[in-house]
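Structure first, then comments.
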Amino acid sequence: MSVEAAVFVRDRTTRLSYGGLAIYAYVLYALGPLLPLLRSDLDLSYALMSAHSAVFAGGAIVANGFVERLTGAYGYRGVLWASLCALAGGSVLLAVGQNVTLTLTAAAVMGVSGALVQTTVLTVLARHHGFERKRAIVEANAAASAAALAAPLLIGAFQTAGAGWRPSMLLPLAATAGLYAVMRRESLRPRTAVPDETVATGRLSRSYWLRAALCGTVVGAEFCLVFYASPQLTDAVGLSTGQATTALSLFFAGTLLGRLAGSRLAASEAPTERLALAALAVTAVGFTALWAGGSVPVALAALLVAGLGIANLFPLALSLAVEAAGDRTDQATTRVQLLVSVAIMLAPLMLGALSDRFGVSRSFAVEGVLLAAATVLLLLGRAGPPQTPYTS
């Protein structure tokens, strides 16, 4: 490793990556607070409401079948800008859609384009920053958390003003236009990229697959909270749908605070596995208090704590997976994104089906099962053989 590769610099490539991921995060995390409102507007069941997140994730799974070919043909820059434009278009379609066919179509478009944005950004950051990738990925997710926090606040503000939630989904179009105006000349070429033949060869290790499964599991746990914390607040402590939607901002505030703190921890020498175990423990405390119901103040505090804990689980797990993959960064991030998409599709859909049958509070136990599984995967992944990371 060269001395230069060890120095962390937030250059234009880094800032463009952060901005692109933030736009995707706004769209992704807006779904949590707006889907209960959409359910009310269109008189949907919980299962059909959750179908939107499943279709979104299904689109992401499809995207992962051709993302490497797209980046090979058009480069990271071409794929990122085209995907951001499609993501903005899907958001507009959701905003204007007045029936479930249109809203599900919008979810599919956003799922495909959003996965392309996320995979491209994470691959670029991992290659561009080399041994400092953990810090870059955590910081990118901190930027995403800021956008995620804005989503329920803006949706709540539009609701309070009487405009409804739909105008909030026009904002990604404005954000994409603004980002393009400032960053359109950026080439988005990672400085530590490795030769294609190195990336394309070799088998991924058992340790990698355990850590990739960890990525999918913690994201499944995160999106159970994103999509069902609001219904849980309504079911367990009696908040209205609008109040529960606004209260979800506490969860996103927790993730933002957690990732800001995580960016400092990522710059330290603290072992990544230890940080991930601590994050799992904090998440479990927040989830348990939220699941137990009780008073409104306790439930709201539980949301904040759960956000603090879950904030860094995915970036830390992804850093571990990329480390275990050695030189195969593109393969590693693409396969992680595939597992993540499956988790986003299945976890909330399963919760929705169970909630229709058993009620939200009883079904919320799925979250605890996922956190326990994540702990087991993290511990098993530590036993894998060390991998040699790429050098510049």
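Quick note: the coordinates plus some simple rules give every number you see, no bench work behind them. None of the values given here were measured: they were computed from a predicted structure. Because the Cβ atoms are built from the backbone with ideal geometry, glycine has one as well, and the counts that use them run over all protein chains shown.
The charge dipole of the stretch 11-189, taken about its Cα centre with unit charges on the Cβ of Lys, Arg, Asp and Glu (plus for the first two, minus for the last two), comes to roughly 560 debye.
Here the simple spin-label model places points 7 Å from the Cα toward Cβ, and for residue 100 and residue 206 these points are separated by 4.5 nm. On the basis of the beta-carbon distance and an R0 of 22 Å, residue 365 and residue 273 show a calculated FRET efficiency of 0.25. Each peptide among 308-320, 235-247 gets the average number of other Cβ atoms lying within 10 Å of its residues, and from highest to lowest they stand as 308-320, 235-247.
Longest exposed-loop-site-free stretch of the chain, with trypsin sites (Lys or Arg not before Pro), DSSP loop and at most 13 other Cβ within 10 Å? In short, 204-392. Extending 7 Å from Cα along the Cβ direction at residue 353 and again at residue 372 yields two label points whose distance is 2.0 nm.
Charged neighbours of residue 232, selected by a Cβ distance under 13 Å, balance to -1 (K, R count +1; D, E count -1).
A simple rule links phi to the HN-Hα coupling: the Karplus curve 6.51 cos²θ - 1.76 cosθ + 1.60 with θ = phi - 60°, which for the stretch 174-184 gives 5, 5, 5, 4, x, 5, 5, 4, 8, 10, 5 Hz, with x for Gly and Pro. Other residues with beta-carbon under 12 Å from the beta-carbon of residue 241 carry, at +1 per Lys or Arg and -1 per Asp or Glu, a net charge of -1.
Rounded if a/c is under 1.5, else prolate if a/b beats b/c, else oblate: with a ≥ b ≥ c from the C-alpha gyration tensor eigenvalues square-rooted, which is the stretch 11-189? Note, shape of the stretch 11-189 comes out prolate. Sequence-ordered 3J(HN,Hα) estimates for the stretch 211-221 from the Karplus curve with 6.51, -1.76 and 1.60 and θ = phi - 60° stand at 6, 5, 4, 4, 4, x, 5, 5, 5, x, 5 Hz, glycine and proline given as x. Relative to the longest principal axis of the Cα atoms of the chain, the long axis of helix 329-358 makes an angle of roughly 10 degrees. By the beta-carbon count within 10 Å of each Cβ, the least crowded to most crowded order of 345, 350, 183, fewest first, is 350, 183, 345. Using the Cβ-Cβ distance between residue 295 and residue 181 with R0 = 45 Å, the FRET efficiency computed as 1/(1 + (r/R0)^6) comes to roughly 0.40. The angle separating the long axis of helix 100-129 from the principal Cα axis of greatest extent in the chain is about 30 degrees.
The residues neighbouring residue 325, those whose beta-carbon lies less than 13 Å from its own, together hold a net charge of +4 under the Lys/Arg +1, Asp/Glu -1 convention. Annotation: the residues 222, 186, sorted from fewest to most other C-beta atoms within 10 Å of their own C-beta, follow the order 186, 222.
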